[in-house]
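Novice: Quick one: the structure is below, questions incoming.
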Amino acid sequence: IYADPAKRLELYFRPKDPYCHPVCANRFPTSTMLLRVTRRSRKKQQLDPEEQIQPEVQFEMEILGIVTTVYKFQGMSDFQYLAMHSGPDGKQTSMYDKVLMLKPEKEEFFNRDLPLYIPPPIFSRLDTPVDYFYRPDIQHRSGYNNPQVSGENLIGLSRARRPHNAIFVNFDDEEIPTKPLDAAVQNWKKVCTNPVDKKVEEELRKLFEVRPVWSRNAVKANISVHPDKLKVLLPYLAYYMLTGPWRSLWVRFGYDPRKHPEAKIYQVLDFRIRCGMKYGYAATDMPVKAKRSTYNYSLPITVKKQGSHTVSVHDLKQGLGSAGTSGAKKPPSSRYKLKESIYIFREGALPPYRQMFYQLCDLNVESLQKIVHRNDGTESECTERDGWCLAKTSDDLRDSMSLMIKQIIRSTRPALFSNTTSSEDGKEQLAYESGEDEDDEEEEEEDFKPSDGSENEMETEILDYV
C-alpha cells in the first residue's frame, strides 16, 4: 500500500474472516519525528514503614527518525455481512464451517445441501458522511431540451450533456452522410480561435484526402492535437462507423467504403496476442504486459481517486494551458503525438498492448499484404464480416502475426521454449488474451502525458461523442 500513493490502507477488525469489510485510511504527507521514550523508576529506601515515599522517575528520549507519511482513519465503519443463516424459529446459525474450505476436502464437502449465501459484491462507495442539499431543477441554457429517455426509475440528470455531435453509421445503413451536423460545425468554430487550431484542421483535411479512412490512434500519431480538441474536430470532418469491417474507424464525409473495392486496405483487424502454457510461456512471461488485471482489482472504496478537471470551451480557446508557451517540455508540433507502433505493425517488433486495432494497410509485412491482396480485381461482394477480402482473411492474418510474435519471444527468451517443437508453430491455437480498456478521462493539461498506447477504440470511443 505504501508503494502506491493512490491506494488507501485497509484495517480488518476480524483478519481471519474473509467476509470482514475493512475500514480505510487516507494517506497524508507530514514532517514529524519518531521518538523512543524510556521511563525508569527507582524506589527509594524506606526507613519509616508509615512514610509514603514516591519512586524516583526518569525519562529518556531518543530521536529514531523522521516520519514523512502518515495514514489517518477518518471514515466510518461500513456494514458487515456475516455468513449466517436464519432458521424457521429465527435462530441464527453460523455457516463458516460449511462455506470456508480450510483444508483439502473430499467430494462430499462440495455436494452438501446448504442454504443460499451470496455476500454483496460491494458495500458503500463512500465512507465519509456527505451533506446532500436538495436543489431545484437544473436551469439549462436557452434552447436546451431534455433527452428522450425510457425507464420508470431513471434518476434525473444532474447536468446537461456535452455532446460532440458525431454521426454514427452502421454497416446496414443505406445512406452515408455528406456533411457534418450544424452543431458539430458550431462546436469547432467556438474552439478554433488561433492559428495553431487552423493548422491542425488543415493537416487533418490533408490526411483524409490522402486516405479516406483513419483510426483515431493513427490520427494521433500523424498530427499533434490535444485529445479534447480532437474530440471536437473529428466529427467536423468525418463520420464514425459502428459495425462492419470498418468499425471503430473515422470515414471522410461523402466516402462510402462499401462501394469501393479498393477500400479493403482500410478495413480493421482486431488482433490480440495469444499466450498459453502449451506454447511454453504464460501470460506473466509476456514481454507485453496487460494494462490491468482482474488479479489485482481494487474496490472503489480502497482507491483514492483524484478530482477530475472539467475542460471548458474557454480552456480549449486558450490552448489548454501552456501548450504553446516556450517553457513547455515538448514543442507544440510533437507534444501530443503518439508513436507509430500504436497503429503500424512491423516485423520484428512487438505491439505496445495485447489487444490492438490495425488497419490492413498498416500491416507493414510483405507476407501479410499478400494475404490481403489475394483477390485483387476479383472482389464481388462486400460482407459485414470480411468486407472486400476473401473469407477467413482475418483468421489467416492473426495466425501469421501470432507466429511472428512467438518467434520474437523465442529469440528474446529462448529458455521458455526449451520443451516445444517448431513443427507445431503454425498449428497450435492459444487462448486469446482479453484486451484491456483504458478509460478515456478528461485530465489536466500538466498531467496529460502522451504514450505509445491508447484506449480500446471500438468499445470506448463512442462514449466521447454521444
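The values are calculated or read from the model by the stated rules, or taken from the named source; none is laboratory data. Owing to the predicted nature of the structure, the values given are computational and were not obtained by experimental measurement. So basically every Cβ, Gly included, is an ideal-geometry build from the backbone, and we count neighbours across all protein chains shown. Only protein heavy atoms, including side chains, enter the accessible area calculation; ligands, DNA and RNA are left aside. Shrake-Rupley method; radii C 1.70, N 1.55, O 1.52, S 1.80 Å.
Novice: Of the residues that make up the stretch 107-114, is at least one over 30 Å from Lys7 (Cβ atoms), open to solvent by less than 100 Å² (accessible area, probe 1.4 Å) and either out of contact with any Lys or Arg (no Cβ under 8 Å at 6 or more places or on another chain) or without any contact (Cβ under 8 Å) to a residue 24 or more places away in the chain (or both)?
Specialist: yes
Novice: If we scan the stretch 351-363, do we find a residue that is open to solvent by less than 40 Å² (accessible area, probe 1.4 Å), more than 12 Å from Met401 (Cα to Cα) and without any contact (Cβ under 8 Å) to a residue 60 or more places away in the chain?
Specialist: For the stretch 351-363, residues open to solvent by less than 40 Å² (accessible area, probe 1.4 Å), more than 12 Å from Met401 (Cα to Cα) and without any contact (Cβ under 8 Å) to a residue 60 or more places away in the chain: absent.
Novice: Now a separate question. Quick one: is Leu9 on the phi < 0 side of the Ramachandran plot, modelled with pLDDT of 90 or more, of a type in the set (A, V, I, L, M, F, W, C) and surrounded by 10 or more Cβ atoms within 10 Å (Cβ to Cβ)?
Specialist: The answer is yes for Leu9.
Novice: Still on this structure, I have one more. Tell me the residue from Arg211, Arg252 that is over 24 Å from the mean Cα position of the chain (by Cα) and within 15 Å of Val268 (Cβ to Cβ), please.
Specialist: Exactly one residue qualifies, and that residue is Arg211.
Novice: So is Asp362 under 32 Å from the mean Cα position of the chain (by Cα), modelled with pLDDT of 90 or more and acidic (Asp, Glu) or not?
Specialist: Yes: the conditions hold for Asp362.
Novice: Can you tell me which of Gln46, Gln74 is modelled with pLDDT under 95 and more than 30 Å from Val303 (Cβ to Cβ)?
Specialist: That would be Gln46, the only listed residue that is modelled with pLDDT under 95 and more than 30 Å from Val303 (Cβ to Cβ).
Novice: Given the condition assigned to a strand (DSSP E or B) and out of contact with any helix residue (DSSP H, G or I) (no Cβ under 7 Å at 6 or more places or on another chain), answer yes or no: does some residue in the stretch 93-111 qualify?
Specialist: yes
Novice: Turning to a different aspect of this structure: Yes or no: Arg346 more than 19 Å from Pro245 (Cα to Cα) and crowded, with 16+ Cβ neighbours inside 10 Å?
Specialist: no
Novice: Continuing with this model, one more query. Could you check Phe28 against (1) modelled with pLDDT of 90 or more; (2) open to solvent by 100 Å² or more (accessible area, probe 1.4 Å) and say which number it fails?
Specialist: (2)
Yes/no matrix, rows are residues, columns are (1) of a type in the set (Gly, Ala, Ser); (2) over 30 Å from Pro129 (Cβ atoms):
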site: Lys7; (1), (2): no, no
site: Tyr19; (1), (2): no, no
site: Phe28; (1), (2): no, no
site: Ser31; (1), (2): yes, no
site: Arg36; (1), (2): no, yes
site: Glu60; (1), (2): no, yes
site: Ile63; (1), (2): no, yes
site: Val70; (1), (2): no, no
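Novice: Still on this structure, I have one more. Could you look through the stretch 63-106, keep only residues that are closer than 30 Å to Pro29 by Cα and over 39 Å from the mean Cα position of the chain (by Cα), and pick out the one that is least open to solvent (accessible area, probe 1.4 Å)?
Specialist: Only one residue fits best here, namely Gly65.
Novice: For the stretch 1-87, which fully contained strands (runs of 3 or more DSSP E) count at least 3 residues that are more than 23 Å from Tyr117 (Cα to Cα) and among the hydroxyl-bearing types (Ser, Thr, Tyr)?
Specialist: 23-42, 56-72
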